1. Express in whole angstrom the spacing between the alpha-carbon centres of the range 393-472 and the range 259-287.
2. Which FRET efficiency value, to the nearest 0.05, do you get for Ala62 and Arg270 by plugging their Cβ-Cβ distance into 1/(1 + (r/R0)^6) with R0 = 30 Å?
3. What net charge do the residues around Asp107 carry, taking every other residue with its C-beta under 14 Å from that of Asp107, with Lys and Arg at +1 and Asp and Glu at -1?
4. Can you list the residues, at least 5 places off or on another chain, whose amide H is less than 5 Å from the amide H of Leu204, using H built in the peptide plane?
5. In the range 177-254, which GluC sites (Glu not before Pro) fall in coil by DSSP and have 10 or fewer other Cβ atoms within 10 Å?
6. Work through the residues other than Tyr433 whose Cβ is under 14 Å from its Cβ and net out their charges, Lys, Arg +1 and Asp, Glu -1.
7. Taking Lys279 as the anchor, which lysines have their alpha carbon closer than 23 Å to its alpha carbon, excluding any fewer than eight residues away along the same chain?
8. What relative contact order, as a whole-number percentage, does the range 48-126 give when Cα pairs under 8 Å and 6 or more residues apart are counted?
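The values are calculated or read from the model by the stated rules, or taken from the named source; none is laboratory data. From a predicted model like this one, the values you see are computed outputs, not experimental measurements. Ideal geometry is used to build each Cβ from the backbone, glycine not excepted, and the neighbour counts take in all protein chains shown. What goes into the accessible areas is simple: the full protein's heavy atoms, side chains included, and nothing from ligands, DNA or RNA. Shrake-Rupley method; radii C 1.70, N 1.55, O 1.52, S 1.80 Å.
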Amino acid sequence: MMEQKRNPAMTRATGAESATLAAFASKLDIAEMPADVLERLSDLFVDWIGSALSGKGQRAIATLEDFAQRMGPGSGKSEVLTTRQTTSPLFAALVNAAASHISEQDDVHNASVFHPAAVVFPAALAAAQEAGASGRDFVAGCVAGYEAGIRVGEFLGRSHYRIFHTTGTAGTIAAAVAVGRILKLDETAMLNAIGSAGTQAAGLWEFLRDAADSKQLHTAKAAADGITAAYLAAEGFTGARRILEGAQGMAAGMSFDADPGKLTDRLGARWALAETSFKWHSSCRHTHPAADALLSVVEQHDLTCDNLVRIVAHVHQGALDVLGPVTNPQTVHQAKFSMPATLGLIATHRRAGLEEFDGFFGDSSAQSFLDRVEMRLDHEVDEAYPGRWIGKVTVYTKDGRELAGRVDEPKGDPGNSLTPTEVDEKARRLASYSGAASPEEMNGIIEKARAIAFCETVSHLLPLNSEIGKGAESGPSGCRP
């Protein structure tokens with residue numbers, strides 16, 4: 001816990017922020033949502049499916065799959081995407097949330113420094129399948145989860161993120177709200193769900209120093225604990241009514257700069273979901289601005305890795321806090337949190353995708369940049385963060401040139417977003433990478449995902465192992481185009 005200090009901003013808390021957020025989420029309906037928000041949710045859902053499927057076969061995910069099989073029921077209504085088996089909502093969400101966060105391809109909201117998809121969609125899908133919820137309620141739940149989780153992340157502020165992984169903390173609230181809306185909790189029960197979620201919220205950055213698997217546990221537990229909170233609230237279980245802004249709540253223990261006004265910022269008018277970014281490179285988002293800036297220099301001047309002597313990445317403090325501890329990456333996943341490793345792949349291959357990272361430890365050219373890349377705090381970049389993630393690099397070449405690169409919106413940001421076609425192609429590429437779904441299956445999954453708001457009930461995305469060979473299809477069922 002952080003040392004107790006009175007944050008002046010918290011004196012502005014009215015005591016009603018949590019309740020206002022709960023009331024908004026419990027009443028949210030897709031009829032109130034602009035078309036562009038619903039379209040963006042469709043893109044985000046397809047993007048998440050690709051990320052979840054890419055986790056198949058990865059060691060940490062296999063461990064959690066085994067855990068779920070031992071601890072959870074052997075069957076149920078909620079599907080585990082990586083195993084094509086079913087179990088309870090809690091264990092399906094746990095595995096799917098971990099699987100969607102391991103390839104570092106899941107979405108991110110800049111201002112909250114929060115990965116909503118990896119916690120919202122696993123919890124919402126598992127609960128909707130178990131409850132037989134309509135696609136309309138599923139979509140409303142997902143939007144509610146995004147809106148609440150993003151605002152909680154913004155509320156907790158930069159000081160929170162220095163120690164705590166916001167996706168694990170705010171993500172627990174987001175998952176509870178998403179599931180609570182699917183279960184049609186009223187505002188009192190929704191507030192109880194938020195209270196029970198907040199008291200479970202956790203996730204610390206220390207794992208980076210050890211190449212530990214904790215990051216996947218953060219999303220797994222956030223989704224599962226959010227489900228726990230919502231299902232308990234549906235049965236009358238009570239939670240703290242001011243878990244976010246209270247004197248002994250999340251902000252008091254986890255932040256120096258929490259701003260309670262962020263919790264209710266333009267609810268129903270500002271759709272934070274539409275601000276969410278897609279990830280292009282398969283690495284920590286803090287590497288992306290510099291990676292795009294370096295790519296622009298390399299392409300503009302047609303440079304090869306042999307032309308480069310040194311690279312300086314001009315970064316915000318958050319990048320130093322998260323990436324700085326990784327000085328000598330030992331695993332593929334740890335390399336994704338290394339600025340030198342990521343920029344080495346960009347310099348060598350002009351890509352930093354899953355295949356490039358998989359080959360990093362046998363790639364002498366990319367590895368040589370571990371000693372040729374420096375991160376340096378930049379005032380302009382830091383002042384803009386986290387609202388904007390500016391990328392700036394200085395590149396020194398063998399022939400004595402000093403070249404500058406800059407991007408103001410990395411690829412995937414709302415102003416430089418992926419098209420729906422690019423999102424679909426990315427999802428197909430991720431599924432192909434792991435072998436989790438065939439091209440034909442992905443066509444059906446994408447079609448179903450994009451029509452889910454019109455489904456009478458949310459069914460399975462993939463044929464189950466028990467259905468394969470019996471003519472089962474993964475295309476739309478009970479949905480109107």
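1. 19 Å
2. 0.15
3. After counting each charged neighbour, the total is -2.
4. Correct list: His165.
5. Hits after loop and neighbour filter: Glu235.
6. So the surrounding residues net to 0.
7. Lys56, Lys215, Lys221, Lys336, Lys392, Lys411, Lys426, Lys448
8. About 35 percent, as a whole number.
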